[in-house]
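Presented below is the structure to which this report refers.
Computed from the coordinates by the stated procedures, all read-outs in this text should not be read as laboratory data. Given the structure is predicted, the values throughout are model-derived calculations rather than measurements. Every residue, glycine as well, gets a Cβ built from its backbone with ideal geometry; the counts of neighbours run over all protein chains shown.
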Amino acid sequence: MVKKILVVDDSALIHQMYRLVMNGYKCEIVDAMDGQEALDILARQHDIQLVLLDINMPVMNGIRFMEKAAAIGITSKIPIIIISTEGKEADTVRGLALGARGYLKKPFQPSDLHVLIDKVMTGAAVPANGEYASPPAAAAF
Ligand SMILES: [Mg+2]
């Protein structure tokens, strides 16, 4: 069971949506509007157990965040799920290569997110290659 989630997205509406979608989890949700703010929060708050990461954001996008998070060892400590946009498969592949544990494409059903979070949080040995999510079709590249 996850107790504290960092949601990284540049849309305040998306932050509200996650609060609704995660309502039954009784977890605390911390909001960051871009990758830099997410890094700042992670540097201060050491009890964050999961990161839900948008890719397309101003200031610092999700891929740059993943590069920095990997460089300072965050990706090996805290599971990160990429919430990607349809048609941006290359970003997802890059994020998984940098250590994201899984990904979802927008739009998704709440149950899709619940299943993925439960798998990521209960995985005794969570793989660093995102194998909990099916890889994007090779044809997409
Ligand atoms: Mg965005």
**OP:** Specify which of the listed residues (Val30, Val51, Val7, Val21) is closer than 21 Å to Gly102 by Cβ, among the β-branched types (Val, Ile, Thr) and over 14 Å from the mean Cα position of the chain (by Cα).
**Re:** Val21
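Could you list, in sequence order, all residues of the stretch 59-98 that are β-branched (Val, Ile, Thr) and under 22 Å from Gly123 (Cα atoms)?
At the first step, the residues of the stretch 59-98 found to be β-branched (Val, Ile, Thr) are 59, 63, 72, 74-75, 78, 80-83, 85, 92-93.
Hits for the stretch 59-98 are Ile74, Thr75, Ile78, Ile80, Ile81, Ile82, Ile83, Thr92, Val93.
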**OP:** Among the candidates Leu39, Leu104, Leu53, Leu96, single out the residue that is in contact with a helix residue (DSSP H, G or I) (Cβ under 8 Å, 6 or more places away or on another chain) and part of a helix (DSSP H, G or I).
**Re:** Leu39
Original post:
If you go through the stretch 39-69, how many residues are acidic (Asp, Glu) and farther than 23 Å from Thr85 by Cβ?
Top reply: 2
Original post:
Checking Asp10 against (1) in a loop (DSSP other than H, G, I, E, B); (2) more than 12 Å from the ligand (Cβ to nearest atom); (3) surrounded by fewer than 20 Cβ atoms within 10 Å (Cβ to Cβ), which test does it fail?
Top reply: (2)
Subject >> Every residue from the stretch 80-99 that is away from the ligand (no atom under 16 Å from the Cβ) and crowded, with 23+ Cβ neighbours inside 10 Å >> reply: Leu96
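State yes or no: is Gly73 farther than 22 Å from His114 by Cα, in a loop (DSSP other than H, G, I, E, B) and more than 16 Å from the ligand (Cβ to nearest atom)?
Working: farther than 22 Å from His114 by Cα: yes; in a loop (DSSP other than H, G, I, E, B): yes; more than 16 Å from the ligand (Cβ to nearest atom): yes.
Considered against the rule, which asks whether it is farther than 22 Å from His114 by Cα, in a loop (DSSP other than H, G, I, E, B) and more than 16 Å from the ligand (Cβ to nearest atom), Gly73 comes out as yes.
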